[in-house]
1. (1) touching a residue at least 24 places away in the same chain (Cβ under 8 Å); (2) over 18 Å from ARG34 (Cβ atoms): which one isn't true of VAL81, the others all being true?
2. What's the number of the condition ALA43 fails, among (1) in a loop (DSSP other than H, G, I, E, B); (2) surrounded by 13 or more Cβ atoms within 10 Å (Cβ to Cβ); (3) not acidic (Asp, Glu)?
3. Tell me the residue from LEU37, LEU73 that is modelled with pLDDT of 95 or more, surrounded by 14 or more Cβ atoms within 10 Å (Cβ to Cβ) and touching a Leu at 6+ places or on another chain (Cβ under 9 Å), please.
Amino acid sequence: MRLGRWFLMSTVLTLTAPLFAQSRPSAAEIEAERAALFAQADADGNGALSLSEFKTFESLMRDKITEHHFDHLDTTGDGAVSLDELQADRPGPGFGHPPF
């Protein structure tokens, strides 16, 4: 079961790699970030995540991915994403991309 969860998180990070396009962290940096989030979620420090801790871990991962995506979209670096910045990053229609 743990292997499945780690596989899921690895897959999430792999599929979200384009979100990191601006700064392109290395695999080692991604692993270090994931380990730090794991340690943060491991409230009792036993080296394993209970269901509650795992929910926290997933939430932390989503937040981190969202932060990276925001940073990628904020091409002006002003701490805000304009409609122009959002639309400039929009992929064209095609497989896996909704036409909206």
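1. That leaves (1) as the condition not met.
2. Just one mismatch for ALA43, condition (2).
3. Working: LEU73 fails: modelled with pLDDT of 95 or more.
After applying the criteria, what remains is LEU37.
The values are calculated or read from the model by the stated rules, or taken from the named source; none is laboratory data. This is a predicted model, so every value here is computed, not measured. With ideal geometry, Cβ positions are generated from the backbone for all residues, glycine too; neighbour counts draw on all protein chains shown.
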